[in-house]
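Notes to accompany the following structure.
The values are calculated or read from the model by the stated rules, or taken from the named source; none is laboratory data. Predicted, not measured: the structure shown is a model, and the values here were computed from it. Note that each Cβ is placed from the backbone with ideal geometry, even for glycine, and that neighbours are counted across all protein chains shown. These area figures cover heavy atoms from the full protein model, side chains too; ligands, DNA and RNA do not enter into them. Shrake-Rupley method; radii C 1.70, N 1.55, O 1.52, S 1.80 Å.
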Amino acid sequence: MFSLTEITGLFIPTSTVCRMTGILPATLTSWQTASLIKPPCSEGYSESQVAQIRVVRALTSSGDTLSEISTLLNESWHYRPSGWELRRQEFIIHLQYGTDETRSRYLWKLYTRYSPGDVLAFMLTPLVRWLCSGNREELRARCVTCLLSHALRLIKAKQGLEHVKPVLNMAELIKHYSTRTTRCLRHLNS
């Protein structure tokens, strides 16, 4: 049986693949470096390559690392799940003990290895809920700084507003919560 690419000779450009799958071009590069997908030919991606990209995209939705996905695809008997809860815990460690630079690098790494939508939905949203559920003012401040830095990095990388705006919204949500909490505490103490 012939594929659509073989019959039509049509290839799909990187920008179209990224729009179809909701990932960044840097994510495709990371997946290629990890040998999870093959690089496109000069005309773009074939139908079978796009199918493999969709498989990897689905697997990254669980939050597993590229190494863990490689093990799953190539040596499934060695696979040990981790997922978004572990990614959140790693980021919390960066918030507690890391520097602005290590936090920024970690968040960029997540954005280039996973779909930004998945990072927001499965890592950042639960993290923000956790940050706002207790007395974590210093961690909230560090997270806001990291999110603002990340939004700036996305802008410099010429990513669309669809990637920048949710990050800024998260930062604003945390700042709003922190301001409200500070006002309540001042009122209680007066």
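With the crude spin-label approximation of a point 7 Å out along Cα→Cβ, what separation in nm comes out for S133 versus C41?
5.1
Could you put C143, C132, C41 in order of accessible surface area, largest first, with the 1.4 Å probe and the full protein assembly present?
The ranking, largest first, comes out as C41, C132, C143.
Which helices of the chain meet both criteria: a Cα extent of 18 Å or more along the helical axis and a mean Kyte-Doolittle score no lower than 0.0, with helices taken as whole DSSP H segments?
Working: long enough: 47-60 (20 Å, 0.25); 84-97 (19 Å, -0.64); 100-113 (20 Å, -1.61); 137-156 (29 Å, 0.36); 161-189 (41 Å, -0.43).
Helix filter hits for the chain: 47-60, 137-156.
For Kirkwood radius over Cα pairs in Å, one of (1) 18.2; (2) 23.6; (3) 16.6 was computed from the structure I shared and the rest are decoys. Which label?
The value matching this structure is (1).
Beta carbons within 10 angstrom, averaged per residue: use that to sort the peptides 106-112, 53-59, 15-21, highest first.
Highest mean packing first, the order is 106-112, 53-59, 15-21.
Suppose only helical runs count, i.e. DSSP H with n ≥ 4. What mean residue ellipticity at 222 nm does that imply for the chain under -39500 (n - 2.57) per run, divided by all residues and rounded to the nearest 500 deg cm²/dmol?
Details: 10 runs with 129 residues, N = 190.
Rounded to the nearest 500, it is -21500 deg cm²/dmol.
At 1.4 Å probe size, with no ligands or nucleic acids counted, give the accessible surface of F11 in Å², nearest ten.
70
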